[in-house]
Amino acid sequence: MPDELKKIDVETEPSPEVTPQGSTKRHFPKKFILIPAGVLLAIIVLFLVMLLPLRAVLAKAGDVKTAGQAAAAAIKDQNLEETKTSLMSTRKSLTALSQDYQRLLPLRYVPFFGRYISDGDHAIKAGFAGLDAADKAIEALEPNSDLLGLKGGSKFVYGSADERIQTAVRTMNALTPQIEKMSQSVDTLRNEIDNINPARYPKRIGNIVIRERLAAVKDVIDSTANLFVNAQPLLMSLPSILGEPSEKRYLVLFQNDKELRSTGGFLTAYAQFRFVRGKAILEKADDMYALDAAKRTTFPAPPEILKFHKGVYTLNIRDSNLSPDYKVSMQKFEELYSLVSGREKIDGIIAVDTHVLVEALKILGPMTVYGRQFSAETDKRCDCPRAVYELEDYSTRPVGYVREARKDIIGVLLQGILQKALGVSPSQYWGKLFQMLLSEIGQKHILAYFHDEAVQKAAESFNMGGRIMTASETATLLKYKENEGWDYLHINNSNMAGAKSNMFVSEKVTKDTKINSDGTLTTSLIIDYKNPYPGSDCGLESGGLCLNAPLRDWVRIYAPLGSSLVDSKGARSPKDGKPVAMDTYESLGKTVFEGFLTVDPLGMARLELTYTTPAVLKGAPYQLLIQKQPGTDGIEYTIKLGGKERKVFPLIGDTEIAL
């Protein structure tokens, strides 16, 4: 055996040759050159054969892009007929692309290169799923296109506005199967897109940005898919909410966000509506003070009121929204409301703020109530929308006589908005108003609490419930185990003075998080407040309109449960204004850091705190959920990680950040 091995070694040993220069040159048998060369040539030929369709694939991808852009333009123009035509063209182009792309699929098994071929396959499948969902959406929307302000395909062209609404609500139950089918297609779309990892693509090729654009497109698609999935239960509950088949009665509360409170604003006024198969009937509207006057019993103020609200010693209905969790606050509201004489049974409570009012007036145009014009135009007297100034001037300015129902103007204004919206052709306003309402819900300017558990769950799934998420809910949203790989922040401010100072005070938040060696987090949080406007004439005798006065701000910072305060600066005693440390306690499944500060006109204030969080990353990316306080609008957030600035943005809704 050793001789045989040696023989093989000898035969395979290249023979030396002496060159003219005297050096030794090795000769290899031709078969040892031809075999690998042949294999390599075969691979190259095979690779080229597979790539031959690439030019056709790229050309057809361009066709899909062109058709898709046309469909997007039709959707943006809200033209149903053109959208249908463009979607058919897009499907035809995508089918042609898919057929050519099939010839590239064997390359999925080629190391490194195969991942990109697989990504293309996932993208094509996602495209078909998206088209399926779009087709089903058109089938669902087409019968109600006039109600939504869409162009073309309308079947609701006869009858009054009320009759058309009632017809639409009656037919909504027929949409349930379509919504369920759309949900299946959307799930497929989301799953296919989730298989594509933008991180494996180059940041750019030449001047063309690749990775960032791919990540942005993926985020938009994923967010849209999540929006639909979250909205599905609410869409399926709409007939019941709108009084089909059984009528419903709701209180609509007006929260004045210029006097910010926990759930979005001071409870100023209310209106009571009854819904009968989609038709809204205004039953009453009044000042919130009238409800307090009609209570049969008084209650002592809770510790929060006694500590932070100057000169208030009882708990009023208008001050009942102390919890930042809207459901919890409304349950306290109803506890007090149950003692009001002449009250009627209600099925839920919906809250809106001045932002909704202004956005509605942008669509409907100016309205005149009690001789005052309400519009969305900027009023120089307050550098705010005229509607807001007129509202405050009418309801707040001291007068030398008793003004009956001094804030019933809210109910009258809401009734006027409904009449103007419903009293014309649906195509004129309804589509824009519907889209505006969706946006306002997303920005938490509209909140809802329903007694029906299924409807309440549906509202919460669409983030309309104004809830403070529990640890398990946060972890589910961020796709991690509870208390593993995630962070949380909710900042809640309450104006405990009475002036409309929040109209003038701006706020900036900087959160710098350090990931410790053991996976825990140390956060440095800075909140800057600034009021660049001069103070108002707040003298009762002079009859001035007291809008801008010192802001007495009750501040609560909600962090993950188990967080510990290390240090705090800027908090003041509500009694004498002296510096004090922030308090720590647990509430709503979170650790809360509580403090108080004052922001004067033409003044500034800063709150600083450092705290640790027992979140364990275990190699996972840092993820943060920021829950926005209702009633706030575009507070600037700066997010840092380990001292390095990573993201600056205005907070317009609950926001998830992954770093």
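Tabulated values for the structure
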| read-out | value |
| --- | --- |
| Cα convex hull of segment 500-594 - mean projected area over all directions, nm² | 8.2 nm² |
| Alpha-carbon centroids, segment 308-349 and segment 222-300: separation in whole Å | 14 Å |
| Ranked packing of 280-287, 553-560, 577-584, most packed first, by mean Cβ within 10 Å | 553-560, 280-287, 577-584 |
| Cα coordinate range in segment 248-461, projected on the principal axes (Å, largest first) | 50, 48, 30 |
| Three-way shape label, segment 269-328, alpha-carbon gyration tensor, a/c 1.5 | prolate |
| Footprinting exposure proxy for His445, His490, His122 (fewest neighbouring C-beta atoms within 10 Å first) | His122, His490, His445 |
| Tail fraction, Cα-Cα pairs, segment 586-659, threshold 20 Å, whole percent | 50 percent |
| Gain upon complete extension [Tyr585, Lys514; 0.36 nm per residue less C-alpha separation] | 23.3 nm |
| Ranked Ser93, Ser524, criterion: other C-beta atoms within 10 Å, fewest first | Ser524, Ser93 |
| Cα gyration tensor shape of segment 218-306, rounded if a/c is under 1.5, else prolate or oblate by comparing a/b with b/c | oblate |
| Mean projection area, nm², convex hull over Cα of segment 471-658 | 11.1 nm² |
| Residues Cys384, Cys538, sorted so that the one with the fewest Cβ neighbours within 10 Å comes first | Cys538, Cys384 |
| Cα gyration tensor shape of segment 302-341, rounded if a/c is under 1.5, else prolate or oblate by comparing a/b with b/c | oblate |
| Flagged links, alpha-carbon separation over 28 Å, of Lys332/Lys590; Lys310/Lys511; Lys332/Lys647; Lys514/Lys575; Lys279/Lys432; Lys327/Lys514 | Lys310/Lys511; Lys332/Lys647; Lys514/Lys575; Lys327/Lys514 |
| Other-chain or far-sequence residues with amide H under 5 Å of Asn79's (modelled H) | Lys151 |
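Just so you know, all these numbers are worked out from the coordinates, no wet-lab data involved. Quick caveat, the model's predicted, so the values are computed rather than measured. Reconstructed Cβ throughout: ideal geometry from the backbone, glycine too, with neighbour counts over all protein chains shown.
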